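Encoded as structure tokens, the structure appears first; notes follow it.
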């Protein structure tokens, strides 16, 4: 099979591999400890029996991942809502191009919404920079994740991008599976959601047509926005944002991504919404097509951005942050005095103890929450 041979080093696991990989996971002490920490009320022997009864990827997602998400949502959110599902057609495969705030949850919550509405789940793109621990590789590949090679040399990058493009085109057109991918490399830690035109260029690399627009239309691109009332990693990303704002290079600490993954899962998020936008093919109807590919990729990136910004569910925290940052009351009708006081206390608590000028810290923090309001405006 092409899926096995050409994409062996990046593809998710198949049903035939499930039993072997689950046995490997259950033999990993760290994995077992984490499960017991996350689900202390479930005897581990019961969890192990459930795991050993799993035979397919679908079983793993519906019998293991969904119950974990149900518990996580009840403990760390004030509820998940979703909108725009009517924009999707059952039986059609979509390339979901999504905002990215949380390493694990963004794609998981979108899949959760799809399952609830009777759609199949998407294959999930994840950077190899997060795949440092072998059992984590097994865990995410059991959950329909494929690998994006980010740690390539300059000479290897084109080959890596071409392989990724071939895999995305193959998965959408031949396998009939959805794909979830972030709209740019890494998270939008500053809250400013902007699609990278180079991502659109990558999608086109393995297209069948000489016309880039035809290749992109065949992928059924659909913008997705995922909004959190509170970002559990906001304070964790503040030192990086402040360093970059000063024009300096930020060096990640060892295990930093894993710390963010854990905090993103367990930290309080408030209300959460997944918003499915209108598919790109519909958004492009009636628009004049640029004459060059670079102009086309720019147009599509901006079109995706506009749909993401329009569908993004703004929370009271976003409006409060905008007004605080701009020293205004422009959106005062969108929140109560109590909500504003609670958010102010939250901000002060989060930035306390982080080194740096107080106003610079506060402004950098507020912009994380204010940018979605600016972009929608």
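Coordinate-derived values only; no laboratory data. The shown structure was predicted, so the numbers you read here are calculated from the model rather than taken from an experiment. Backbone-built Cβ (ideal geometry, glycine too); neighbour counts: all protein chains shown.
Peptides 345-351, 86-92, ordered by how many other C-beta atoms sit within 10 Å of their residues on average, highest first, read 345-351, 86-92.
Cβ-to-Cβ counts within 10 Å put 242, 46, 374 in ascending order as 46, 374, 242, the fewest first.
Spatially, the range 312-340 and the range 92-110 are offset by 27 Å when compared through their Cα centroids. Applying 1/(1 + (r/R0)^6) with r as the Cβ-Cβ distance of residue 360 and residue 255 and R0 = 22 angstrom yields a FRET efficiency of 0.25.
A simple spin-label model places pseudo-atoms 7 Å from Cα toward Cβ; at residue 153 and residue 281 they are separated by 4.2 nm.
If R0 is taken as 25 Å, the Cβ-Cβ distance between residue 36 and residue 74 corresponds to a FRET efficiency of 0.85. Here r is the Cβ-Cβ distance between residue 291 and residue 116 and R0 is 41 Å; the resulting FRET efficiency, rounded to 0.05, is 0.40. Taking the range 62-79 and a reference point 7 angstrom along Cα→Cβ of residue 90, the backbone N atoms nearer than 20 Å belong to 62-63. The alpha carbons of the range 308-377 occupy a box of 35, 26, 18 Å along the principal axes, longest dimension given first. If I compute Cα extents along the principal axes in Å from the structure I just sent, which labelled value in [x] 73, 40, 36; [y] 95, 48, 39; [z] 61, 60, 42 lines up? Among [x] 73, 40, 36; [y] 95, 48, 39; [z] 61, 60, 42, the one calculated here is [z].
Measuring from centroid to centroid over Cα atoms, what is the spacing of the range 238-288 and the range 188-210 in Å? Centre-to-centre (Cα) distance: 16 Å. Beta bridges from DSSP with both residues in the chain: antiparallel share about 20 percent, rounded to the nearest 5.
A simple spin-label model places the labels of residue 306 and residue 211 2.1 nm from each other, with each point 7 Å out along Cα-to-Cβ. The packing ranking, built from the mean of other Cβ atoms within 10 Å per residue, places the peptides 109-116, 67-74, 265-272, 314-321 in the order 314-321, 109-116, 265-272, 67-74, highest first. Each of residue 338 and residue 128 was given a label point 7 Å from its Cα along the Cα-to-Cβ line. The distance between the two points is 5.2 nm.
In terms of the mean number of neighbouring beta-carbon atoms within 10 Å, the peptides 243-256, 354-367 order highest first as 354-367, 243-256.
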